[in-house]
Structures are given as C-alpha cells and as structure tokens.
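Below you'll find the structure, written out as structure tokens, and then a few comments.
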Amino acid sequence: MLTLISGSLIISVLHAILPNHWLPVLAIAKKEGWSLAETTRITWMAAASHSTSTVLLGLLLAFLGAGLSEYWGKFSLVVTPLLLILLGAFFIYQHIRHHHFHLHGHPELMTKNRIVGSLILTMFLSPCFEIEAYFLMAGGMGLLVTLIVAAGYLFITIAGMTLWIRLAYRGISRINWHTLEHNAGIITGITLIASGVMAMWLR
C-alpha cells in the first residue's frame, strides 16, 4: 500500500511540474495579454477539468480492480504491478515521438471565451493515463486507498499546475522546460516501472 500511494504521489508531482499541459496555457496567456490573475484562474479551471476526468476514469478502474481482486486474489499482487511496468515501458518507448498538448484551431481567430472553453474541454478529454494503473491497483486494496490516491492526485495536480504557471509567468522559474517536456515520457516511465517492481518485490 505504501509503495502504491508513494508511486501515485510521485506521478502526481511529476504531472504537475512537467509542462506538457500548463506551458501552452502560459504561451496563450502571454500572446493574448492575460493578466497574472486571469492566467491563474484559467489554469485552475483547466487543471480542475483535467483532474476531474482523470479521477472519474480512475474510480471506474478502481471498481474494476476491486471486482477482479474479489474473484482472483492474485490480481493486485501480480497483474497490476505488471501493468505498471508495461505502462512504464510504453511511455519510455513513446517519449521519442515528442507529443505535445496543443490547442486545436487558431487562437488568434477565437474569442477569449472560446479559447478558455477549448482549453477546459481539451483538458477534460485528455485524462492522465499515467495515474490510472494506480487506481486499478488501489481498487483491490479498498476504498480508503482509492480515495487517498484520488485526493492526492487532485490536490497536487491543481495546486502544482497553478503554482508553476504563476512562477513561470513572473519569470521566477527559469528551468529548461523544453528539456523537461521532451523527457517527460521517460521520467514517467521510469517511475511507473520502479513502482511496479517495488510492488512485486514488497508483496
């Protein structure tokens, strides 16, 4: 359980820090001349939308995990750690493709409300699949563990994305975001694999 919760929290922190989602919001904010307060509010809404869809999907997977564990006791002990490892390998494989979150359409031709609406909708339709394997595993460990994973993910993602975009907006954070974004997949993949290995080793 400790390995599961720790792994899910690490993924949540990485998800909040890595710029795949919030950096495009900052670019649009700078281009459109949004104030820091407007940018913060819009980022919060986008992060909340993204987190909500992720948790809703996660709860469905947790329910599935609970059902499978009831009929097959080894599911949480063997299969879900393997899923973490396989998912981690997939993200490492995919990182070279360098996919970016982007706002579809042409922001310069859209009104502010449409831009914001598109951001929120796009974020809602792009749940964080990296965390979902943890929900599946948590489902077999009970409702409390599932709720801890969900609450931790919600809080860290929303607070983290909002904090980082404020720092970046003010120019305080001068990290090489391109390098982080390019390596987001491999960082996430290593975390998932490590969690899966530890879950199997400590069972």
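Values computed for the structure shown
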item: Region 52-80 - residue that is of a type in the set (A, V, I, L, M, F, W, C), buried (at least 19 other Cβ atoms within 10 Å of the Cβ) and touching a Phe, Trp or Tyr at 6+ places or on another chain (Cβ under 8 Å) and, of those, modelled with the highest pLDDT; result: VAL55
item: Filter result (surrounded by fewer than 21 Cβ atoms within 10 Å (Cβ to Cβ) and either of a type in the set (Gly, Ala, Ser) or under 11 Å from the mean Cα position of the chain (by Cα) (or both)) within region 30-51; result: GLY33, SER35, ALA37, ALA48, SER49
item: Residues that are buried (at least 19 other Cβ atoms within 10 Å of the Cβ) and not in a helix (DSSP H, G or I), drawn from region 1-19; result: LEU18, PRO19
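The values are calculated or read from the model by the stated rules, or taken from the named source; none is laboratory data. What you are looking at is a predicted structure, and each value in this text was computed from that prediction instead of being measured. Positions of Cβ are backbone-derived with ideal geometry, glycine not excepted, and every protein chain shown enters the neighbour counts.
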